[in-house]
């Protein structure tokens with residue numbers, strides 16, 4: 001990939017990162033904080049990877065606005081719940097792990 005990567009799950013953001021995050025009272029603020037962390041890591045040349053359950057288009061748009069000019073690459077792992085989201089890659093929870101990793105690496 002040529003860049004370092006860092007994974008931060010949404011639950012880590014909400015539950016484990018500094019006292020400032022313990023004061024987060026809404027999902028909107030959690031999304032904003034996640035996007036800010038993403039921006040700073042991208043600006044430092046690090047691929048930032050996170051998981052957000054049940055994200056919607058409004059939340060994705062907020063993340064993209066904060067991360068501008070950096071690209072936000074959206075991978076949807078589809079199960080029985082169909083979300084009206086524009087994904088860069090759509091995966092299934094039943095996909096082969098090795099093939100899934102190859103798909104992601106080829107796109108990033």
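The values are calculated or read from the model by the stated rules, or taken from the named source; none is laboratory data. Bear in mind the structure is a predicted one, so any value in this text is a computation, not a measurement. Cβ sites come from the backbone with ideal geometry, for glycine too, and all protein chains shown count toward neighbours.
Brief remarks follow.
- When residue 86 is tested against (1) over 16 Å from residue 42 (Cα atoms); (2) in contact with a helix residue (DSSP H, G or I) (Cβ under 7 Å, 6 or more places away or on another chain); (3) outside any strand (DSSP E or B), exactly one condition is not met: (2).
- Condition check for residue 91: more than 12 Å from the chain's Cα centre (by Cα), surrounded by 14 or more Cβ atoms within 10 Å (Cβ to Cβ), modelled with pLDDT under 90 and outside any helix (DSSP H, G or I): yes
- Filter pass, residue 47 being in contact with a helix residue (DSSP H, G or I) (Cβ under 9 Å, 6 or more places away or on another chain), assigned to a strand (DSSP E or B) and within 16 Å of residue 7 (Cβ to Cβ): yes
- For segment 50-72, a tally of residues being in contact with a helix residue (DSSP H, G or I) (Cβ under 9 Å, 6 or more places away or on another chain), in a loop (DSSP other than H, G, I, E, B) and under 16 Å from residue 29 (Cβ atoms) returns 3.
- Pair list, Cβ < 8 Å and 6+ apart or interchain, from segment 80-108 residues that are closer than 23 Å to residue 64 by Cα to residues that are exposed (fewer than 10 other Cβ atoms within 10 Å of the Cβ) and at pLDDT below 80: 105/1; 108/1
- Being in contact (Cβ under 8 Å) with a residue 60 or more places away in the chain, surrounded by 11 or more Cβ atoms within 10 Å (Cβ to Cβ) and either within 12 Å of the chain's Cα centre (by Cα) or within 23 Å of residue 105 (Cβ to Cβ) (or both) is a property that does not hold for residue 67.
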